[in-house]
């Protein structure tokens, strides 16, 4: 039987983030109690995921589940099965919704799950997310050298997505499912900070890589930010 773990990047705040996590944690306990959970608390989301993966020890597949995001149990089961069978990253939905505060509060208080996005652009609801809740096989995780440490400056998920594509082929999504992002105050990030610009540039460079030289070029780009890909 495959060894499956849940990895949760989490940042306690004594407020909305903690409320969201308590709800998500209880949801996990009810719907997939058979899989142990491990948390990472580093301020950098990539670093936090790496902490959780390391704490999980020996595993065949890990589901990285953001502490503020809900996925349907059937979607997670399907993603885990597919990621192990096909040795690829599988995102546990084919769409993603950032809930409005009122909609999120209603769910957290036990109300009906009639969800509303916080807006009707890409910051509200969109197709083919690159993160949120996703399953990764151990072989791919090790092949990329683990989750890169890019700090709390953004684009770490896009970088990871592109690395999975380059080193394993197309990422796939679980069809006919959506992930729900519970509301909390947004992270305070300065997009003009040097590290933020570096991460954005790295993502764009990786996204352009195609063909036989893509893996070599990706290794070189990641080495420039201190991440070694075997």
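Look at residue 36 and say whether it is touching a residue at least 24 places away in the same chain (Cβ under 8 Å), within 26 Å of residue 110 (Cα to Cα) and out of contact with any helix residue (DSSP H, G or I) (no Cβ under 6 Å at 6 or more places or on another chain).
Yes.
Can you pull out every residue in the range 156-177 that is in a loop (DSSP other than H, G, I, E, B) and surrounded by 21 or more Cβ atoms within 10 Å (Cβ to Cβ)?
174
Give me a count of the residues in the range 211-227 that are touching a residue at least 60 places away in the same chain (Cβ under 8 Å) and surrounded by 12 or more Cβ atoms within 10 Å (Cβ to Cβ).
Of the residues in that region, 3 qualify.
Look through the range 125-136, keep the residues that are within 25 Å of residue 61 (Cα to Cα) and not in a loop (DSSP other than H, G, I, E, B), and return whichever of them is farthest from the chain's Cα centre (by Cα).
127
Do we find a residue being under 13 Å from the mean Cα position of the chain (by Cα), closer than 22 Å to residue 208 by Cβ, in a loop (DSSP other than H, G, I, E, B) and without any contact (Cβ under 8 Å) to a residue 60 or more places away in the chain anywhere in the range 139-155?
Yes: one or more hits.
Every residue, every condition in (1) buried (at least 21 other Cβ atoms within 10 Å of the Cβ); (2) at pLDDT 95 or above; (3) in a helix (DSSP H, G or I), yes or no:
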{"position": "123", "(1), (2), (3)": "no, no, no"}
{"position": "179", "(1), (2), (3)": "yes, yes, no"}
{"position": "189", "(1), (2), (3)": "no, no, no"}
{"position": "202", "(1), (2), (3)": "yes, yes, yes"}
{"position": "206", "(1), (2), (3)": "yes, yes, yes"}
{"position": "209", "(1), (2), (3)": "no, yes, no"}
{"position": "229", "(1), (2), (3)": "no, yes, no"}
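The values are calculated or read from the model by the stated rules, or taken from the named source; none is laboratory data. Computed from a predicted model, the values in this text were never measured in an experiment. Backbone-built Cβ (ideal geometry, glycine too); neighbour counts: all protein chains shown.
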